[in-house]
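Okay, structure first, notes after.
Any read-out appearing in this document is the output of simple, stated calculations on the displayed coordinates, not a laboratory observation. As the structure is a computational prediction, the values presented were derived from the model and not from experiment. Here the Cβ positions follow ideal geometry from the backbone for every residue, glycine too, while neighbour counts run over all protein chains shown.
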Amino acid sequence: MKATKENVALKDTLKDMPQTQLDTRMAKAKPVKLGWSSEEVEHVTHALNDLLVNYSVHYQKLRNYHWNVKGSDFFDLHIEFEQQYMEAQQHIDDIAERVRIFSKTPISTMGEYLELSEIKETTSQLSSEIMVRELIADYTILLGYMFTVVEIAAAQHDSGTEEMVKVFINRIEKHHWMLSAFLAK
Ligand SMILES: [Fe+2]
């Protein structure tokens, strides 16, 4: 391009223009955080981690029962437990990543899960009925932690967490009904 007076002026203008919608000063600054106070973040991530540890132990129980269920209910329960642990795996991932969204650390080790969870492991040698009763008891515990998360999230206008966990509640309540109906046969 020929260095005419107009071209030089154009170059100067372009040099001062921001390359993105953020001006240079803003682009170099740290990213703007989500709008919750440290205390609010602490509240909601603590409740999410409580849910996470319990859900993780429950998940392994579902896999245990999927593998080890025996008897005339085998085909029904083997499939049902698999569907439930696939769903639990997705919910657990969503909970842990929600904690990361707040720049906190999800509890991530088996040792911590076993130590901190209210839901407890069982052996593998259980009748199918006892397995189902164990899972129904797990749902009741999980729902309690889910209601706590929703309560905290709603109080601090954290709609993302609130909506996420409300979907989980809906699913767990359905499992509770179905396995309760299974026992009533
Ligand atoms: Fe399987």
Inset, instruction - May I ask you to evaluate 6.51 cos²θ - 1.76 cosθ + 1.60, the Karplus curve with θ = phi - 60°, for each residue of segment 115-121 and list the ³J(HN,Hα) values in order in whole Hz, giving x for glycine and proline? - result: 6, 9, 6, 6, 5, 10, 5
Legend entry - Per-residue ³J(HN,Hα) for segment 173-180, Karplus 6.51 cos²θ - 1.76 cosθ + 1.60, θ = phi - 60°, Hz, x for Gly and Pro: 4, 5, 4, 4, 4, 5, 6, 5
Inset, instruction - Please sort by residue number the GluC sites (Glu not before Pro) in segment 31-137 whose DSSP state is loop and whose Cβ has at most 11 other Cβ atoms within 10 Å. - result: none
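For the chain, what is the relative contact order in percent, using Cα pairs closer than 8 Å and at least 6 residues apart in sequence? Write down the numbers at each step before the final one.
Numbers: 142 pairs, mean separation 45.8, N = 185.
So the answer I get is 25 percent.
Average projected area of the Cα convex hull of the chain, in nm²? Numbers along the way, then the final one.
Details: hull surface 66.2 nm².
Computing the convex hull of the Cα atoms and averaging its projections yields 16.5 nm².
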Legend entry - Sum of -39500 (n - 2.57) over DSSP H runs of 4+, divided by residues of the chain (222 nm, nearest 500): -25000 deg cm²/dmol
Inset, instruction - Choose one answer from Asp73, Asp93, Asp138: the residue with the largest mean-square fluctuation in a GNM of the chain with alpha-carbon springs under 10 Å. - result: Asp73
Inset, instruction - Tabulate in residue order the Karplus-calculated ³J(HN,Hα) for segment 81-93, using 6.51 cos²θ - 1.76 cosθ + 1.60 with θ = phi - 60°, rounded to whole Hz; enter x for Gly and Pro. - result: 5, 5, 4, 5, 6, 5, 5, 4, 4, 5, 5, 4, 4
